[in-house]
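Since the structure comes first, as structure tokens, the remarks are kept for the end.
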Amino acid sequence: MLDATAPSRRAVLLAVLRAAVAAVAAVATAAPVSGGKVLATEPDAVAPPPPGPVPVRVPYQGLLENEGHAYQSWGLTHETRPAVYVEPISYADVQAVVVDPIRFPSPVSPVGSMLSVTRTVVNDGGTLLCTLKLNEILGVETDAAGRSVVRVQAGCRLKKLHLWLQSRGLEIPYQAEIGDATVGSMAAGDTKDSSLEGPGYFSAGVVAVTYVDEQGTLVTLSDLVDDKALAEFKCSYGLSGIIVECLVEVLSAMLCRSRFSVVTEESPQALAAAIRRMHDECDALFVHVALESLRGVCDQRFSAGPGVMTPAASQPVFDEIRRSRRLSIQHGLAPKPTVKPPPLSNGIVYSRADMVDEYWRPKGDEPRLDFQYYEHDLTNLDRVIEESYAFTRQFSKEHGFAPHAWAIYFVRRLPATKKPHGLYSGGPGISVSFDPVFSNPVDPLWQQFAKAYNQVAIHSLGGRASPIQTQWLTPADLTIPRQLARDRFTTKYYAQFLG
Ligand SMILES: Cc1cc2nc3c(=O)[nH]c(=O)nc-3n(C[C@H](O)[C@H](O)[C@H](O)COP(=O)(O)OP(=O)(O)OC[C@H]3O[C@@H](n4cnc5c(N)ncnc54)[C@H](O)[C@@H]3O)c2cc1C
């Protein structure tokens, strides 16, 4: 943690780190090479020692594994074999990793829970840095603008943060169902939620970040002092630096009332009109659509006033809904004809934080969530549904395959100065997602569908895609501004999108 009493220690550490960078650069010239690649090695193994001053060894104390193990994403779709895998236990550990390209070969890429569905977590031959042990919640503060903010480390999982805030009568408005995702990943990456308040993506609430830059320096950016730089950084996916700590704005906790209903329409146009009407009626709308049958299960959310915990009066129905939703998400919305769905309650009141869940790591033969994310402007919803319907019907006719459902989230966009790149960067307005969902990430027909649908969603419908939530992207589908990326942090996966 950076604290007010630390400057002298920090200055000492920085001096040590700078000396280490110089020493490491000198050592690099004498490093053993194989096939043109610098080998991962302990500094002690590097011989002969470079002339000049004795290199300063920056101590690294966290877990280090360099025995060639493979690491897999949650859905078991992507595997990576980094030269070194590290789990830092202090910010100094992260700095020690970044400044030492001999012991920790480039690129250094951060990950949290590795839940992402794309190849964002792949870093073969580099250094995979997992933040999960930097997971403290350091307290609530009032910042210079008078806002209440929670100071939280990058590896903290969202469910842990929600529980901690609930116990203090507080919340963050972003309360998507995923409890395992980490703060650092969400602050620099893409997210979506149909939130009662706020825009509906996590990074919108992040008012300051502390990160380790490519020199190994701890840098803090706050929207009060460095608004533009912070906004850019929050679009960087870890390519500008590794987040170790965030300040996230918090509000008094409030309850939500959900009205669940099912709509079945005769045409895609009528379905789009029904969804728009439902959206206008409530504070936040979330819909699952079975496209082929033009059937939508709708969750219209309304603010239900102040409140922290789900009222006892809502039980046991609420818990039944929560458990059923968790299983359904875990299993990628695979239909379960033998399981009776919970009653579609018409007005249940609950804490949205109580609906956030944890998901077990599935085995290869288990149904498990996989999806593709696309952002569209709400004004385009009719066309999106019509063309997606036509595409899905045609694909189903030819191949006998269709996704289980499509998830529709609504996100309120901020001025482009607050979100200059990537998702939600189109200036004020409302974005809507239309995301196909399936239960077997490695099913060849699902992959074929997803690749072909990328063309429709991105190139025909003008949707925006995400490098951490949309799979099978090509450089023609996505551009990440080159100025956001530093060589030390840029994996092969990300290099293809820079422009
Ligand atoms: C069951 C399930 C449900 C989901 N539900 C939702 C949902 O409702 N809403 C939603 O938005 N998403 C959802 N997702 C997607 C998932 O939450 C996001 O992809 C999220 O970013 C994953 O967090 P993570 O900690 O696992 O990130 P990881 O997959 O570990 O990392 C993703 C990327 O984030 C960046 N990153 C990670 N840590 C840092 C850091 N410290 N500093 C800088 N950059 C960093 C890197 O680019 C990294 O490759 C769901 C996924 C699953 C599997």
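The values are calculated or read from the model by the stated rules, or taken from the named source; none is laboratory data. From a predicted model like this one, the values you see are computed outputs, not experimental measurements. Neighbour counts are summed over all protein chains in view; Cβ atoms, including those assigned to glycine, are modelled from backbone coordinates with ideal geometry.
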**OP:** Report, by residue number, each residue of the range 138-148 that is among the small types (Gly, Ala, Ser) and assigned to a strand (DSSP E or B).
**Re:** GLY139, SER148
**OP:** From (1) closer than 30 Å to GLY169 by Cβ; (2) in contact (Cβ under 8 Å) with a residue 40 or more places away in the chain; (3) in a helix (DSSP H, G or I), pick out the condition that doesn't hold for THR310.
**Re:** (3)
Subject >> Set GLU232, GLU197: member being assigned to a loop (DSSP other than H, G, I, E, B) and among the acidic types (Asp, Glu) >> reply: GLU197
Subject >> Residue within the range 59-71 that is under 25 Å from GLN469 (Cβ atoms), modelled with pLDDT of 95 or more and crowded, with 22+ Cβ neighbours inside 10 Å present >> reply: no
**OP:** Take the residues in the range 112-137 that are closer than 19 Å to GLY179 by Cα and in a strand (DSSP E or B), then tell me which one is farthest from the ligand (Cβ to nearest atom).
**Re:** ILE137
Original post:
Based on what the data block shows, is GLN175 within 30 Å of LEU333 (Cα to Cα) and more than 17 Å from the chain's Cα centre (by Cα)?
Top reply: no
**OP:** From the list VAL209, VAL262, VAL248, VAL219, pick out the single residue that is within 15 Å of the ligand (Cβ to nearest atom), out of contact with any helix residue (DSSP H, G or I) (no Cβ under 7 Å at 6 or more places or on another chain) and among the aliphatic types (A, V, I, L, M).
**Re:** VAL219
Original post:
If you take the residues in the range 181-192 that are in a loop (DSSP other than H, G, I, E, B) and near the ligand (Cβ under 6 Å from one of its atoms), which one is farthest from LYS419 (Cα to Cα)?
Top reply: ALA181
Original post:
Inside the range 345-360, can you point out the residues that are surrounded by 15 or more Cβ atoms within 10 Å (Cβ to Cβ), among the charged types (D, E, K, R) and out of contact with any His (no Cβ under 9 Å at 6 or more places or on another chain)?
Top reply: ASP357
Original post:
Within the range 217-268, which residues are surrounded by 24 or more Cβ atoms within 10 Å (Cβ to Cβ) and over 23 Å from the mean Cα position of the chain (by Cα)?
Top reply: CYS256, SER258
Subject >> Every residue from the range 237-258 that is part of a strand (DSSP E or B) and in contact with a Leu (Cβ under 9 Å, 6 or more places away or on another chain) >> reply: ILE242, VAL244, GLU245, VAL248, LEU251, SER252, MET254, CYS256
Subject >> Residues of the range 453-477 classified as without any contact (Cβ under 8 Å) to a residue 60 or more places away in the chain and surrounded by fewer than 16 Cβ atoms within 10 Å (Cβ to Cβ), total >> reply: 5
**OP:** Please work out if ASP280 is more than 27 Å from the chain's Cα centre (by Cα), acidic (Asp, Glu), surrounded by fewer than 21 Cβ atoms within 10 Å (Cβ to Cβ) and away from the ligand (no atom under 16 Å from the Cβ).
**Re:** yes
Subject >> Where VAL122 falls short, out of the listed (1) within 27 Å of SER425 (Cα to Cα); (2) without any contact (Cβ under 8 Å) to a residue 60 or more places away in the chain >> reply: (2)
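Could you check the range 264-297 and list, in sequence order, the residues that are in a strand (DSSP E or B) and either at pLDDT below 95 or not β-branched (Val, Ile, Thr) (or both)?
Answer for the range 264-297, where residues must be in a strand (DSSP E or B) and either at pLDDT below 95 or not β-branched (Val, Ile, Thr) (or both): ALA284, LEU285, PHE286, HIS288, ALA290, ARG295, GLY296, VAL297.
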Original post:
ALA274 passes all but one of (1) small (Gly, Ala, Ser); (2) under 26 Å from the mean Cα position of the chain (by Cα); (3) farther than 24 Å from LEU170 by Cα; which number fails?
Top reply: (2)
Original post:
Any residue at all in the range 154-166 that is surrounded by 24 or more Cβ atoms within 10 Å (Cβ to Cβ), more than 19 Å from GLY241 (Cβ to Cβ) and within 9 Å of the ligand (Cβ to nearest atom)?
Top reply: yes
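Does VAL437 satisfy being modelled with pLDDT of 95 or more, farther than 24 Å from SER106 by Cα, among the hydrophobic types (A, V, I, L, M, F, W, C) and not in a helix (DSSP H, G or I)? Even if it seems obvious, please write down each step before you answer.
On the way: modelled with pLDDT of 95 or more: yes; farther than 24 Å from SER106 by Cα: yes; among the hydrophobic types (A, V, I, L, M, F, W, C): yes; not in a helix (DSSP H, G or I): yes.
Taking the combined requirement at face value, the residue satisfies it.
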